[in-house]
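Nothing in this text is a laboratory measurement; each read-out follows from the coordinates by a stated rule. This one's a predicted model, so the numbers in the text were calculated from it and none came from an experiment. Ideal geometry is used to build each Cβ from the backbone, glycine not excepted, and the neighbour counts take in all protein chains shown.
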Amino acid sequence: MKFFARKHIAAAAVALASMSVASQALADAPNFTIDPTALPGVNLYAPFVANQISGSSSELLQTVGNTHSGSGWLTFGSFSLGGSSIDSATTGIGGVGGYRLYVTFELKDVYRPGTGLPGQEFINGNGTFNDLTQLDFKFYADPGRNTTFQNANANTNTSASVTGVQGDDILLAVGNLIDGVSGFNEEGGATFNATQNFALCSGAGTATLGGAAATGDLATLASDCDNAIGSAFFAEPNPFFALAFDAFNNTRQGVIINGDLVSINNASGTVDFNGVPEPGTLALLGLGMVGLAASTRRRKN
């Protein structure tokens, strides 16, 4: 019996080790190269390497039953590499002769039944989770640094809007939802975590996703692309990563709930990228789970 117990433990350990290696391979945020000189009039900043973009967002949501729908913007303030912020003198974001980066988005979500603190098991309650059902976005560069942003306000029914001079802004990329969650934490702050397709504009009305032409709803979003500057700005790898990952949150001071309107401001967070997981990585993860399941079944028998 001891021999069999040790064998089961060893098998489980091997399975867990395989799963750990696979999870690490899936979780790492890889490096990418940005070329600011791809933007018209931006010539003071050389290409640089990063693995994350950080920013803050604002959105206004309409509550209907157990669903939200709304729109907003996200402005990026910095790039980072390995957890260390890269200064604007290197990246050019907000710098003299530099540029700004921002995203506009539309989203929908639905309340996940059973979530929420006691007595708050509804879509705008604390401690709730909502499943995203739509997240369409457009990623812009503002080489003139003359675009302005208005925060959402549920008290005045004011949408989060992009204003100022937008004629020189360049659509770099478009994307849509793969999966994600949103909600309100137990302290009342908003949370958001999603995975999206990330397609670079490759010409007039076209975009590429991981090197392949965008299709379906993604192609519809790409119809607003004017040129291939996005493919040059997101320089490496080539083709660029097809997946974008978001993680944003704020404190309860950034949330206003007024009847069926919800405004969420000062939500800060990050975006990073990766490709579709390699078949070998998925196989390793699958083998680890199969091994663990087999070990468990043998132990029960």
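Using the Cβ of Asp142 as centre and a radius below 10 Å, the other residues enclosed give a net charge of 0, where K and R count +1 and D and E count -1.
Each peptide in 42-53, 197-208 gets a packing score, the mean of other Cβ atoms within 10 Å over its residues, and the list from highest to lowest is 197-208, 42-53.
Counting only Cβ charges, +1 for Lys and Arg and -1 for Asp and Glu, the dipole size of region 31-274 around its Cα centre is about 240 debye.
Here Asp260 and Ser88 are evaluated by their C-beta separation; at R0 = 35 Å the FRET efficiency comes out at 0.30. Distant-in-sequence amide contacts of Ile86, defined by a placed amide H-H separation under 5 Å and a gap of 5 or more residues or a different chain, comprise Phe79, Ser80, Leu81.
The separation of region 155-210 from region 73-128, counted between C-alpha centres, amounts to 9 Å.
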